[in-house]
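The values are calculated or read from the model by the stated rules, or taken from the named source; none is laboratory data. None of these values were measured; they are calculated from a predicted model. Every residue, glycine as well, gets a Cβ built from its backbone with ideal geometry; the counts of neighbours run over all protein chains shown. Surface accessibility is based on the protein's heavy atoms, side chains included, excluding ligands, DNA and RNA. Shrake-Rupley method; radii C 1.70, N 1.55, O 1.52, S 1.80 Å.
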Number of protein chains: 2
Amino acid sequence: MSVSPPTLADVAERAGVSRQTVSNAVNNPDLLRPDTLARVQESIEALGYSPNRAARNLRTRASHLIGMRIGPAQEGTANATMDRFVHSLVETSREAGYHVLLFAGDGHDPEAGYADLLRSTAVDAFVVTDTYLGNPQASWLEERRAPFVAFGRPWEALNSRHPWVDVDGAAGTELATRHLLDKGHERIAWIGWRKDSRIGEDRRSGWTRAMHERGLPTTGLASRVEDTISSGREASAHLLDSARPSAFVCASDTLAMGVLHTLRDRHLRAGDNIAVIGFDDSQVAQVVPPGLTSVRQPLEQVAVEVVKALEGLLAHPPLVGTGVMLTPTLAVRGSS
Amino acid sequence: MSVSPPTLADVAERAGVSRQTVSNAVNNPDLLRPDTLARVQESIEALGYSPNRAARNLRTRASHLIGMRIGPAQEGTANATMDRFVHSLVETSREAGYHVLLFAGDGHDPEAGYADLLRSTAVDAFVVTDTYLGNPQASWLEERRAPFVAFGRPWEALNSRHPWVDVDGAAGTELATRHLLDKGHERIAWIGWRKDSRIGEDRRSGWTRAMHERGLPTTGLASRVEDTISSGREASAHLLDSARPSAFVCASDTLAMGVLHTLRDRHLRAGDNIAVIGFDDSQVAQVVPPGLTSVRQPLEQVAVEVVKALEGLLAHPPLVGTGVMLTPTLAVRGSS
DNA sequence: TTGAAAGCGCTAACAA
DNA sequence: TTGTTAGCGCTTTCAA
């Protein structure tokens, strides 16, 4: 950018008005007489004027930027929910006049990135996504009265008063399990995460609920492991031997892919011999043969609700809504 | 943020120095006497001071923000290169003192997002990634003398003078083909993109080169289709019938997954009966049974080179380097 | 309905 | 080595 862009003053001079009138033309067009407005707008157009962000931000004490932290890319798993969410968030934010600023985590000091952006007033608000870690960020931000919306409910901190948006995981696995039950399966196994994962236990509860509803036992049909391919593979191999299930419901697509590994090892075919359902409707679920049935989180809708909450938070006076819970759907494919 | 963060003046008062001295303590600490510096730093620490970005941006005419456009999430494919790249870019930018600002494309006016951010001096530079579209953005930005680095070489515009970073696709497919040749395969088929894709033709050339090098024919062994699962599926079915290949090299993991679909349809097993190699080392390649061998772009390294070029571009005086070509590697898995 | 003055918080240039 | 002055481009009073 060798030559600096036009300023308010340039537009004002060309249109033969004062700078404030140009500012009004941009921010409060109703205040101008129609002919003045037209003249100013013509000049804005001709000069290709756009208000300088830094100056505007300084004056209005707002950046129209939403900060979101992203961790390193997850390789060797099927997990890409946050990547998909980022796309939706960027899209939705644009419609609300916001851009998304991405920042990296600092391994041993999770709050560092937040603190700096907050104190330097670089962003207006945050979207916090990693609530499953016990969410130290949320309470930290709350203490500092920083505006933020969480994607994920406040599992333990019931007294927290920040807005959040989440997807009902139990409803998703219940949907999945019912789908299998309706297909005639009775021995449906669960492969989920370790007990200290609130999200994992929530998703598991949907499976038990659907099973018990039909009077079916769940004992011996469940496994709790790490969220990796190999764990899913081992757990499914073990369950097949010990409990002879005809179907698997998994807490993640990653675990479900582990099951597909086991099926291949044993020359079984997902969808023909054994049904498998994953969670997240990742690209992996969409393209793996014969297609992995999976619970799909409505991320576009999550983004819409997050931005809505953000707008409330940043309004004058702030309008703090409560939590929003969304319901997932089931993407049915060949594996069931 | 109910109470506004401390300013330079607050720190100055507490430390008993002028505002300028505080500014120097932050930006040119060498200029201060050690004891003054220590006193100022103590105050900065105590007050939790961080320079206001808007004010600094206004004054220095820089935002320390890098703009990157992302399109909607690609579903139904294995393609997620850009998502992975974003992670690396965010990480690398941080080390260089930059944040990444994401913006959405505006369907029918691809330049709109760029123009606005440029004129409002919201970002210091862009990273342009969608060079495969014939890259109207690149020449558009070049005309406006906007600083940007492209991830992707300037295929047609040979006179373009902007820095770029790219990965040698032909070298990747050559690596893949040689790997198969070394395993004893002789009838190796190619499934790639339509002829108008420069990237597709480049990747194809690596396959032909490796084949011809060993004196093997390629006639009848190639197919050019859309980048979708179903195209890959149909193309591979057709090739299996017409040319009886023992291996497939594909221009993308998406196409390779199409091949896996065909193999499943025919009760063949990738890796046992037929070898398959994809391109991009997506999550899909990493988790699908029995593992999809795939060409891996060194995206972390791409990010490093992109940021390096960006720093040159934004230096005073600007230091415009030439293009940088990186070499991919082959992630070998069960499918070969 | 339009214009003048002030100042957001910072840093570059210069003076002491 | 430190302090003073000015001004980046904008919007918010307030006056005309």
From highest to lowest solvent-accessible area (probe 1.4 Å; ligands, DNA and RNA excluded), B:SER231, A:SER205 read A:SER205, B:SER231
Mind listing the label-point distances from A:SER4 to the same position on all other copies, shortest first, one decimal in nm, points 7 Å along Cα→Cβ? 2.3
Size of the dipole of the protein assembly as shown about the Cα centre, Lys and Arg at +1 and Asp and Glu at -1 on the beta carbon, nothing else charged, in debye to 20? 280 debye
Which residues of segment B:271-289 show a drop of at least 10 Å² in accessible area when all protein chains are present, compared with their chain alone (probe radius 1.4 Å, heavy atoms only, ligands and nucleic acids excluded)? B:GLN283, B:VAL284, B:GLN286, B:VAL287, B:VAL288, B:PRO289
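Provide the net charge surrounding B:GLY184, with neighbours chosen by a C-beta distance below 13 Å and charges set as Lys +1, Arg +1, Asp -1, Glu -1.
Values: positive: B:ARG178, B:LYS183, B:ARG187, B:ARG214; negative: B:ASP182, B:GLU186.
Result for the neighbourhood of B:GLY184: +2.
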May I ask for the net charge around B:ARG214, where only other residues with Cβ less than 15 Å from the Cβ of B:ARG214 are counted and Lys, Arg are +1 while Asp, Glu are -1? 0
Post the alpha-carbon centroid distance, segment B:49-96 to segment B:220-244, in whole angstrom. 38 Å
Amide H contacts under 5 Å for B:SER63, restricted to residues at least 5 apart in sequence or on another chain and with H modeled in the peptide plane, are B:ASP124
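Label segment B:169-296 by shape, choosing from rounded, prolate and oblate, from the square roots a ≥ b ≥ c of the eigenvalues of the Cα gyration tensor; if a/c is under 1.5 it is rounded, and otherwise prolate applies when a/b is larger than b/c, oblate when it is not. Walk me through the numbers before you get to the answer.
Working: a/c = 1.25, a/b = 1.16, b/c = 1.08.
Cα axes put segment B:169-296 in the rounded bin.
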Chain A: angle of helix A:229-243 to the longest principal axis, Cα-based, in degrees nearest 10: 30 degrees
Between segment A:167-214 and segment A:273-336, what's the alpha-carbon centroid distance in Å? 17 Å
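If each residue of separation counts as 0.36 nm, what is the full-extension length gain between A:SER242 and A:ARG214 once their alpha-carbon separation is subtracted? Provide the component values of the computation, followed by the final result.
On the way: separation 28, 0.36 × 28 = 10.08 nm, distance 2.23 nm.
Value of the extension gain: 7.8 nm.
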Can you list, shortest first in nanometers, how far B:SER139 lies from the same residue in the other copies, with each label 7 Å from Cα toward Cβ? 5.9
Taking every DSSP bridge whose two residues both lie in the protein assembly as shown, the antiparallel percent to the nearest 5 is 10 percent
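Given an 8 Å cut-off on Cα distances and at least 6 residues of separation, report the relative contact order of chain B as a percent. Could the numbers behind the result be given before it?
Details: 602 pairs, mean separation 54.4, N = 336.
Computed value for chain B: 16 percent relative contact order.
Quick one: compute the contact order of segment A:169-296, relative version, from alpha carbon pairs under 8 angstrom and 6+ residues apart, as a percent. Walk me through the numbers on the way to the answer.
Details: 245 pairs, mean separation 32.5, N = 128.
Relative contact order for segment A:169-296 comes out at 25 percent.
Tell me, what % of the accessible area of the protein assembly as shown is carbon and sulfur with a 1.4 angstrom probe? If you can, show how the numbers build up before the last one.
On the way: 14560 of 29210 Å².
Carbon and sulfur: 50 percent of the exposed surface of the protein assembly as shown.
Quick check for you: with a 1.4 Å probe and neighbouring chains kept, what is the accessible area per residue of the protein assembly as shown, in Å²?
Details: 29210 Å² over 672 residues.
Value returned for the protein assembly as shown: 43 Å² of accessible area per residue.
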Helix A:81-95: angle to the longest alpha-carbon principal axis of chain A, degrees 0 to 90, nearest 10? 30 degrees
Mind listing the long-range amide H neighbours of A:ALA189? Cut-off is under 5 Å, sequence gap 5 or more, other chains count too, H placed in the peptide plane at 1.01 Å from N. A:SER246, A:ALA247, A:PHE248, A:VAL249
Just check the protein assembly as shown against the gyration tensor rule for me: Cα atoms, a ≥ b ≥ c as the square roots of the eigenvalues, rounded for a/c under 1.5, and otherwise prolate or oblate depending on whether a/b exceeds b/c. oblate
In terms of the Cα gyration tensor, with a ≥ b ≥ c the square roots of its eigenvalues, is chain A rounded because a/c is under 1.5, prolate because a/b exceeds b/c, or oblate? prolate
Chain B: antiparallel DSSP beta bridges as a percent of all, rounded to 5: 10 percent
Please calculate the 1.4 Å probe accessible area of A:TRP193, with all protein chains present, and give it to the nearest 10 Å². 50 Å²
Under 20 Å from the 7 Å Cα→Cβ point of B:HIS108, by amide nitrogen: which residues of segment B:56-76? B:71-72
